[in-house]
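Participant: I have a structure here, written as structure tokens, and I will follow up with some questions on it.
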Amino acid sequence: MTFTGVQPLDGNGIPTSSEYSPQNNTFPAMMGADGALVDQFGNQSTAPVMSFIQPRVCQRGIAQTGQGAKSLSFTFNAPNVGGNSIVVCLGVGDMEDAVTSFQVTDTQGNSYTEVTKATQGTLLESAIFFASGIKPGQNTITFNDIGPQVVNVGIAMKVYEVWGLIASIDAVDQVDSGNSINPSNKASTFASLTPASPNEIAFTAVAVGKVTTITPGSGWTTFDGTIFPWGGNIGAFDSQYRQLSTITSINPQCSISLASPWVMSSASFRTIVLPIQGTVNIAPSTFAQPTVWQSSTSSVQILGYNNARKGLTVVNASAYTLYIAYGFPATTSMYSVPIPGIQVVNGQSFTSFYEMPLPLYLGPVYLVWAGKDGNAKVTEFS
């Protein structure tokens, strides 16, 4: 591949379109790639970013009834990406019971599972459905209220295509739900969610009986705001989501501008990327003790037990292979680590270097060589 005209070079003379930047340990998330940053105007970044470290909502949309109905459909603007997941957050002016059920299907034949729901009386329900490992292509999602006594009601839904979730029902981690029939209650919150692993993503579905504005709680995001379905028993609906980077309890919550009965459902989902959460403490070394050991074909103990050991390095300045053993006398056939002898390349000699890895071994250390020549330079840090 060749470049024409002015080449955009970085400080090391590498075109900025290179796939990997060793300086920043980043990959460029090219336009249209999952994980690329999308600003508030829908513009997608092509700048180098760590693009695949957290789940991401790829596309989303809303649907609501303009009058009473028993079903509601939504079509994605762009084709779904195979292997992604779909989360459907619902508010319905009806509730599931012994003879009534809610069903979500799509034109790609993906299978949906209801992971959580909340009801208030017999006239209001919120629910979250989920499908993973979806098929690629243009897709229409359809909700159906099914049963012998079903009547036309108000229905609202927010639908999300999500990249980065485990392609299994095991992606569902924590679920919770709550409701209120108190006419003076303007805030909806309930027991906290505590994710089992870091880097999860959580969703809520909030349905309110009256026409009222729903404001998400701190840390929760709603791009499309409150929607107002018509048709009976439900006056307002919203869904929010948030990234859960750590294993810390969160409270699904929101507030409403007019006191009204409400129901809220929430669920968190595990992702394919599970970063390590914790603290690494490496105590600095304040003392280094160098020693030189002449090569020997008999095992030599060079160090004893040292609880204060912070590290160990060995340089093999011998033409013969050096063998290190931890906790037992070394032989050329029984050892922990081999260190090659001096290598000569284009007339230049190169010694081999070894550094003890973590976790550090604190016990006795032995050396033996395949032949007598040269020495080993050993430094113990404490």
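What follows draws every value from the coordinates through simple rules; no lab data is involved. Please read all numbers here as calculations on a predicted model, not as lab measurements. Because the Cβ atoms are built from the backbone with ideal geometry, glycine has one as well, and the counts that use them run over all protein chains shown.
Participant: Provide the net charge surrounding SER285, with neighbours chosen by a C-beta distance below 14 Å and charges set as Lys +1, Arg +1, Asp -1, Glu -1.
Facilitator: 0
Participant: For ASN139, list long-range residues whose amide hydrogen, built 1.01 Å from N in the peptide plane, is under 5 Å from its own amide hydrogen.
Facilitator: Answer set, sorted by chain and number: PHE76, ASN80.
Participant: Right, another one. Name the residues whose placed amide hydrogens come within less than 5 Å of the amide hydrogen of LEU312, ignoring near sequence neighbours (fewer than 5 apart) on the same chain.
Facilitator: MET356, PHE381
Participant: Let me ask something additional. Going 7 Å from the Cα of SER299 along its beta-carbon direction, which residues of segment 350-373 have the amide nitrogen within less than 19 Å of the resulting point?
Facilitator: Answer for this model: 361-372.
Participant: Let me ask something else. At a Förster radius of 56 Å, what calculated FRET efficiency corresponds to the Cβ-Cβ distance of VAL345 and THR248, to the nearest 0.05?
Facilitator: Efficiency, from the Cβ-Cβ distance: 0.60.
Participant: Let me ask another. Which whole-Hz couplings ³J(HN,Hα) result when phi for each residue of segment 295-301 is put into the Karplus expression 6.51 cos²θ - 1.76 cosθ + 1.60, θ = phi - 60°, listed in order with x for Gly and Pro?
Facilitator: 4, 8, 8, 10, 4, 10, 7
Participant: Step through the residues of segment 308-319 one at a time and calculate ³J(HN,Hα) from phi using the Karplus curve (6.51 cos²θ - 1.76 cosθ + 1.60, θ = phi - 60°), rounding each to whole Hz and writing x for Gly and Pro.
Facilitator: 8, 4, 10, x, 8, 10, 9, 10, 8, 9, 9, 6
Participant: Post the alpha-carbon centroid distance, segment 208-256 to segment 350-382, in whole angstrom.
Facilitator: 61
Participant: Over segment 56-269, what is the relative contact order in whole percent, taking alpha-carbon pairs under 8 Å and six or more residues apart?
Facilitator: Here the relative contact order equals 29 percent.
Participant: Can you pull the one-decimal nm distance between simple spin-label points at THR122 and SER255, each 7 Å off the Cα toward Cβ?
Facilitator: 3.5
Participant: Exposure proxy check: THR65, THR221 ranked by fewest other beta carbons within 10 Å?
Facilitator: Ranking THR65, THR221 by Cβ neighbours within 10 Å, fewest first, gives THR221, THR65.
Participant: Now for a different question. Given axes a ≥ b ≥ c from the Cα gyration tensor, I'd like to know whether segment 56-269 is rounded (a/c under 1.5), prolate (a/b larger than b/c) or oblate.
Facilitator: Oblate, since a/c reaches 1.5 and b/c is not below a/b.
Participant: Can you sort LYS117, LYS210 by how many other beta carbons sit within 10 Å, fewest first?
Facilitator: Result, fewest neighbours first: LYS210, LYS117.
Participant: Right, here's the next one. Relative to the present Cα-Cα distance, how much length would full extension add between LYS372 and LEU360 at 0.36 nm per residue of separation?
Facilitator: 1.4 nm
Participant: Using only alpha carbon pairs under 8 Å that are at least six residues apart, calculate the relative contact order of segment 288-381 and give it in whole percent.
Facilitator: Value for segment 288-381: 50 percent.
Participant: Sorted from fewest to most neighbouring beta carbons within 10 Å, what does the list TYR323, TYR241 look like?
Facilitator: With the sparsest Cβ surroundings first, the list reads TYR323, TYR241.
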